[in-house]
């Protein structure tokens, strides 16, 4: 018996002739938490899909607890004790917690009917193990993301998982939920379960993992014990070069012209009496925990959701009716948090996405789009934003990396030359190298006189980019901090709900 | 490394990938010439084009709706009500004595019915937030029922005869066979132009792929949906004119077989039912293929019910092929699954 839980040797994988993994050697020790990180497109997902039985490797061998392992389907991987906690959770929101735990094989009674008693009692045990605040009969739709994740982990343990793979598990968690997750991971480790923890967030990886493996361009760029490597060293491995600075610095001036003003905005119970001003050239951060109402505020500002009360002034004009098209007319742009479902036409080429907003300006009276002008604008945007695409007319947006997809979203708006930008988590799912470019784009917009509202859950990037930071908590703005007074702990404290603030 | 022959191959392959119906159409056409008696005669080929023309018109309209991720069941009822209402105007109404007046009024009534029903469909989908299949199923039943009721009120049989001779020109009577073909080509060109060259066409595709992103990008989602439902209705109204003129009578059963062939033309042509992919080029090929099949099987003496089985099977096959061709990842995944069993 070796101390290795899972070993991969010479694993290769190509998609339609393009190699994605170039012969990986990789080992997960028993009972360890192994961090796996790397830029988008480095091959992390492909590697994990091979381990999870979703994809099959072209060459190489895998050994699981000293036995050869070659899963043909996710079900086989599960049977061998490998569980996968996906970035997008795989629970059925219309079913209960207990039903979800047994979705792939309900225990039945003598008559072949589902044995609800047994399901409930087993589910209750699983829930008790982490003392989750739910009952087996709770509908998953009613649970927060953090609790849903715990349900998934409980489900994995019910299947006797020996190895659990976490794929970007914290992207939609509040910091409290994140702490709970990390605590659970610690408990799992004590029980001897081996874990692979995939993340972009280096801070988390350092906090959690015993060893860290970096993937770059389908190769292992190094594996080191977490204690023996610095964050800079790790970033260098990820991008293959040294990042002299994580945030760009650009000289810009903030004018007194207020481009966006909101007065006493209210929407359902999510946005409670919010007033704010954005000035030309200013980047204003909006920080808060998940569920604080930041995304909702942005949606109300852009008319995606109709406000219940309050006034909105765009470009000195009081908006009678707020709708996306009215806001676009008022020179505003909205980059949504979820670019796949709200930002892009994923199954369409880059060109079709870039010109989506601008085309209306390139049209004659008959409604005919000037294709020459459109192509020119598209080419300009691709050049300006350095979007890496080979043939924008045919290449689908879905084939681009996260960073390039986000640049297409920026391009779609920048082409229209708006003066007000609402950015909701613009760097989500964007790797370290491309983040710098996104920050540069944002800084450049402000330099050219735009007002920017920058929503993020990552304090570091807000502190690196913004001129002041607003803090939102349970639908209210609870604080405003100018650049000179940025302090991580102070900001976090403002964001956390507490008795003193209510 | 640049290899012109492989470049050319790639281009051909990409056309086939985009329109798998094209090789199928060519092969079946050659097959029909070789194997079906009387297929390759002037009379039959003319008939073939005539049969294609009203189907092309109605299918162009439906293509817009399907591109948007919707469906329009009401087109067959528009066809029917248009047919009997138009025939009534031309044969039984007080206007019947003056064809110079009755024909334009009849045409206006037929297309007006399409416009009205399309408008109701569009408003039901956008304002009442009904799924298009529910809204248009409701209008299909109401309008179809109206057509039968109306016919039974004004005529002893299920059809209304006695239309003016001049009207049959629109159906391609005698040496005027080119008239409906030209109308169909004009409708097709107009649809192509709308989809490929205008902002409206760009909106149809964008909303078909992702209505939410389209709304946030400031696109007039509701207006576009109403517009394309109206377009579908008006096309059905125009098809009603042509089909009525070809049959020579107004029939309350005109639409019965039309729905299956229309939906088959659009889907077998390759327009994706989940929206955003395909177009009227696909639909043209689909129409030519379905009519060819209809025509050839007819010549071979195969009945309508066999045709139904064939069409149903084709719809299934083409849906599968679009799915497989569009997602290579899906394909490899399926292979993995298959070997698992």
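The values are calculated or read from the model by the stated rules, or taken from the named source; none is laboratory data. As the structure is a computational prediction, the values presented were derived from the model and not from experiment. Here the Cβ is made from the backbone with ideal geometry for all residues, glycine too, and neighbour counts use every protein chain on show.
Of the residues screened, residue A:286 is one that is more than 8 Å from chain B (Cβ to nearest Cβ), at pLDDT 95 or above and not in a helix (DSSP H, G or I).
Of the residues B:208, B:237, B:286, B:218, only one is buried (at least 22 other Cβ atoms within 10 Å of the Cβ), assigned to a helix (DSSP H, G or I) and within 10 Å of chain A (Cβ to nearest Cβ); which? Give the derivation first.
Working: B:237 fails: within 10 Å of chain A (Cβ to nearest Cβ); B:286 fails: within 10 Å of chain A (Cβ to nearest Cβ); B:218 fails: assigned to a helix (DSSP H, G or I).
Selected residue: B:208, the only one of B:208, B:237, B:286, B:218 that is buried (at least 22 other Cβ atoms within 10 Å of the Cβ), assigned to a helix (DSSP H, G or I) and within 10 Å of chain A (Cβ to nearest Cβ).
I'd like to check something: does region B:44-66 contain any residue that is modelled with pLDDT of 90 or more and outside any helix (DSSP H, G or I)? No, because not a single residue in region B:44-66 is modelled with pLDDT of 90 or more and outside any helix (DSSP H, G or I). The single condition among (1) within 13 Å of chain B (Cβ to nearest Cβ); (2) touching a helix residue (DSSP H, G or I) at 6+ places or on another chain (Cβ under 7 Å); (3) modelled with pLDDT under 95; (4) within 30 Å of residue A:460 (Cα to Cα) that residue A:358 does not satisfy is (4).
Condition test on residue A:278, is it modelled with pLDDT of 95 or more and either touching a helix residue (DSSP H, G or I) at 6+ places or on another chain (Cβ under 8 Å) or part of a loop (DSSP other than H, G, I, E, B) (or both)? So residue A:278 does not fit the description; no.
Being touching a helix residue (DSSP H, G or I) at 6+ places or on another chain (Cβ under 6 Å) and either more than 14 Å from chain B (Cβ to nearest Cβ) or farther than 23 Å from residue A:466 by Cα (or both) is a property that residue A:372 lacks.
Among all residues of region A:64-75, there is at least one that is more than 20 Å from residue A:194 (Cα to Cα) and surrounded by fewer than 18 Cβ atoms within 10 Å (Cβ to Cβ). Scanning region A:323-332 for any residue that is in a strand (DSSP E or B), modelled with pLDDT of 95 or more, touching a strand residue (DSSP E or B) at 6+ places or on another chain (Cβ under 7 Å) and crowded, with 18+ Cβ neighbours inside 10 Å turns up at least one such residue.
Just to be sure I understand, how many residues within region B:221-234 are touching a helix residue (DSSP H, G or I) at 6+ places or on another chain (Cβ under 7 Å), within 13 Å of another protein chain (Cβ to nearest Cβ) and closer than 23 Å to residue A:341 by Cα? Give the steps one after another, and end with the answer.
Taking region B:221-234 as the starting set, the residues that turn out to be touching a helix residue (DSSP H, G or I) at 6+ places or on another chain (Cβ under 7 Å) are B:221-222, B:224-234.
Adding the requirement that they be within 13 Å of another protein chain (Cβ to nearest Cβ) leaves B:221-222, B:224, B:227.
If we keep only those that are closer than 23 Å to residue A:341 by Cα as well, we get B:221-222, B:224.
Adding up the residues that qualify gives 3.
Selection of region A:66-90 for residues being more than 14 Å from every other protein chain (Cβ to nearest Cβ), assigned to a loop (DSSP other than H, G, I, E, B) and either on the phi > 0 side of the Ramachandran plot or in contact with a strand residue (DSSP E or B) (Cβ under 7 Å, 6 or more places away or on another chain) (or both) yields A:66, A:69, A:81, A:86, A:87. Evaluation of residue B:197 against the conditions (1) more than 14 Å from chain A (Cβ to nearest Cβ); (2) surrounded by fewer than 22 Cβ atoms within 10 Å (Cβ to Cβ) shows that the sole unmet condition is (1).
Within region B:163-189, track down each residue that is assigned to a helix (DSSP H, G or I) and within 11 Å of residue B:248 (Cα to Cα).
Just the residues of region B:163-189 that are assigned to a helix (DSSP H, G or I), to begin with: B:165-171, B:174-176, B:178-189.
Scanning region B:163-189 gives B:165, B:166, B:167, B:168, B:169, B:170, B:171.
Is it the case that residue A:21 is closer than 30 Å to residue A:404 by Cα, away from chain B (no Cβ under 14 Å) and in contact with a helix residue (DSSP H, G or I) (Cβ under 7 Å, 6 or more places away or on another chain)? Spell out how you get there, then give the answer.
On the way: closer than 30 Å to residue A:404 by Cα: yes; away from chain B (no Cβ under 14 Å): yes; in contact with a helix residue (DSSP H, G or I) (Cβ under 7 Å, 6 or more places away or on another chain): yes.
In short, yes.
Residues that are in contact with a helix residue (DSSP H, G or I) (Cβ under 7 Å, 6 or more places away or on another chain) and more than 18 Å from residue A:82 (Cα to Cα) within region A:146-173 comprise A:146, A:148, A:170, A:172, A:173, listed in sequence order. For region A:39-50, the criterion of being closer than 12 Å to residue A:163 by Cβ and either outside any loop (DSSP other than H, G, I, E, B) or in contact with a strand residue (DSSP E or B) (Cβ under 7 Å, 6 or more places away or on another chain) (or both) is met by at least one residue. Within region A:336-361, which residues are outside any helix (DSSP H, G or I) and more than 26 Å from residue A:371 (Cβ to Cβ)? Answer for region A:336-361, where residues must be outside any helix (DSSP H, G or I) and more than 26 Å from residue A:371 (Cβ to Cβ): A:336, A:337, A:338.
Results for (1) over 15 Å from residue B:58 (Cβ atoms); (2) buried (at least 22 other Cβ atoms within 10 Å of the Cβ), shown as yes or no for each residue.
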site: B:81; (1), (2): no, yes
site: B:98; (1), (2): yes, no
site: B:108; (1), (2): yes, no
site: B:117; (1), (2): no, yes
site: B:131; (1), (2): yes, no
site: B:135; (1), (2): yes, yes
site: B:139; (1), (2): yes, yes
site: B:167; (1), (2): yes, yes
site: B:172; (1), (2): yes, yes
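Quick one: which helices (runs of 4 or more DSSP H) lie wholly within region A:91-180 and hold at least 3 residues that are closer than 30 Å to residue A:7 by Cα? Walk me through it before giving the result.
Numbers: elements: A:97-101, A:116-129, A:145-158.
So the answer is A:145-158.
Before we move on, is residue A:384 touching a residue at least 24 places away in the same chain (Cβ under 8 Å), in contact with a helix residue (DSSP H, G or I) (Cβ under 8 Å, 6 or more places away or on another chain), surrounded by fewer than 24 Cβ atoms within 10 Å (Cβ to Cβ) and under 25 Å from residue A:340 (Cβ atoms)? Working first, answer last.
Values: touching a residue at least 24 places away in the same chain (Cβ under 8 Å): yes; in contact with a helix residue (DSSP H, G or I) (Cβ under 8 Å, 6 or more places away or on another chain): yes; surrounded by fewer than 24 Cβ atoms within 10 Å (Cβ to Cβ): yes; under 25 Å from residue A:340 (Cβ atoms): yes.
In short, yes.
Scanning region A:36-58 for residues that are away from every other protein chain (no Cβ under 12 Å), surrounded by 24 or more Cβ atoms within 10 Å (Cβ to Cβ) and modelled with pLDDT of 85 or more returns A:36, A:37, A:47, A:51. The set of residues from region A:296-313 being surrounded by fewer than 22 Cβ atoms within 10 Å (Cβ to Cβ), closer than 24 Å to residue A:415 by Cα and within 14 Å of another protein chain (Cβ to nearest Cβ) comprises just one member, A:304. Taking the conditions exactly as written (over 23 Å from residue B:152 (Cα atoms), at pLDDT below 95 and within 14 Å of another protein chain (Cβ to nearest Cβ)), does residue B:269 satisfy them or not? Criteria not met by residue B:269.
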